[in-house]
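The values are calculated or read from the model by the stated rules, or taken from the named source; none is laboratory data. None of these values were measured; they are calculated from a predicted model. Virtual Cβ from ideal backbone geometry, glycine too; neighbours counted across all protein chains shown. All accessible areas refer to the heavy atoms of the entire protein, side chains included, with ligands and DNA or RNA removed. Shrake-Rupley method; radii C 1.70, N 1.55, O 1.52, S 1.80 Å.
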Amino acid sequence: MDNWDEVRTAFQVARLGTVSGAAEVLGVHHATVIRHIDALEGRLGVKLFQRHARGYTPTDAGLDLLQVAQATADQFEQLAGRLHGAGAAMTGELVITSVDSVSPLLLPTIATFQEENPDLEIKLITDSRLFRLEYGEAHVAVRAGAKPQDPDNIVQSLADLSMAVFGHRSYVEKHGIPEGRAEFCNHRFIGHTDETHRASFYQWMRENVPAENIALKMSNMNDGYHAVINGCGLGFVPGWMARGNPDLIEVLPPIPEWSANLWLVTHVDLHRTAKVQGFTTALKEAAKGWP
């Protein structure tokens, strides 16, 4: 881009959703904001925003621009941190992405880190999709499964969480416990709506439990846990989560094949920013005490 002012203006409009909000942050007149947006859209030949009564909503092209601009802003912030001291970098956003079942383990560390860094705005996004760290969609990712292989990311082992099949006491009292694979056909199981889910334990269920006996399918593991504790069937529950409920009965004990490997992933360009370093160090230390 030959005019960073226009890109910066579009970034603030996308972030805040209004021309007036962007004008206030940038310290310019709202007419200047509109002029920058119109000029940038004209130069690129695409619409970056949908205009409506409540403000401006980014189009797909606008979202792409927002991601690149966010990554650039983070890199400027990293430079400022190097030039003016680490404390200057403990501001702005810290975006963390994780699978939903792990978020309860992350929250104590997030709470402590935010208490220690009150000028930092933290976002925790739980989603099964892989966020693109190279486009600034997140600063830190906690991913489960096989070790991520992107060469532009720094990947560290965080934890291995055991998984087992549990049933609620109310279900077991009515239907008993299967004595081996041959009795799976006499039970209801709780699976995942995504038939191609990459978790090894869901793959095991698809290969070993008759399809007609996977009677309930959930879109995330937290919902699957609640389905188990409500007696809907037998399902996978992380060991640390099951320990908190005395009415859960282990039906199939954990095996290494079902272990959920957690990885801490950061992008090489932002890995050494103060906020990323501070949070990942705190999280690795907390993970040592996870059950």
For peptides 112-125, 30-43, 217-230, sequence by mean Cβ density within 10 Å, most packed first
217-230, 30-43, 112-125
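Considering only the other residues whose Cβ falls under 11 Å of the Cβ of Ile177, what net charge follows from Lys and Arg at +1 and Asp and Glu at -1?
Neighbour charge sum, excluding Ile177 itself: -4.
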Angle in degrees between helix 4-16 and the longest Cα principal axis of the chain, rounded to the nearest 10
50
Give me the percent of the accessible area of the stretch 200-291 that comes from carbon and sulfur atoms, probe 1.4 Å, all protein chains in place.
51
Please list, or write none, the lysines whose alpha carbon is within less than 30 Å of the alpha carbon of Lys174, excluding same-chain residues fewer than 8 places away.
Lys217
Counting all C-alpha pairs of the stretch 6-45, share separated by more than 16 Å (%):
21
For Lys275, the lysines lying under 20 Å Cα to Cα, once residues fewer than eight places off in the same chain are dropped, come out as Lys123, Lys284
Compute the signed sum of charges (Lys and Arg +1, Asp and Glu -1) over the other residues within less than 13 Å, Cβ to Cβ, of Tyr56.
+2
Tabulate in residue order the Karplus-calculated ³J(HN,Hα) for the stretch 212-221, using 6.51 cos²θ - 1.76 cosθ + 1.60 with θ = phi - 60°, rounded to whole Hz; enter x for Gly and Pro.
6, 8, 7, 7, 9, 10, 10, 8, 8, 5
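Just for the chain, what percent of DSSP beta bridges are antiparallel, to the closest 5?
Details: 25 of 41 bridges.
Given both bridge residues lie in the chain, the antiparallel proportion sits at roughly 60 percent.
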Could you work out [θ]222 nm for the chain from helices alone, using -39500 (n - 2.57) per DSSP H run of at least four and dividing by all its residues? Round to the nearest 500 deg cm²/dmol.
-12500 deg cm²/dmol
Any chance you could tell me what percent of the C-alpha pair distances in the stretch 163-291 go past 18 Å?
58
Can you give the local net charge around Val99? Use residues other than it whose beta-carbon is closer than 10 angstrom to its beta-carbon, Lys and Arg +1, Asp and Glu -1.
-1
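Roughly how many Å² is the accessible area per residue of the chain, as a whole number, for a 1.4 Å probe? Before the final figure, lay out the partial values.
Numbers: 14710 Å² over 291 residues.
Per residue, the chain has an accessible area of 51 Å².
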Taking the chain as the reference, fit the longest principal axis to its C-alpha atoms, fit the long axis of helix 60-84 to the helix C-alpha atoms, and give the angle between the two in degrees, 0 to 90, nearest 10.
80
So, in Å, what gap is there between the alpha-carbon centers of the stretch 121-147 and the stretch 182-242?
25
If you fit an axis through the alpha-carbon atoms of helix 30-44 and take the longest principal axis of the Cα set of the chain, what angle between them do you get, 0 to 90°, nearest 10?
70
Under 20 Å Cα-Cα from Lys288, which lysines qualify once same-chain neighbours fewer than 8 residues away are excluded?
Lys147
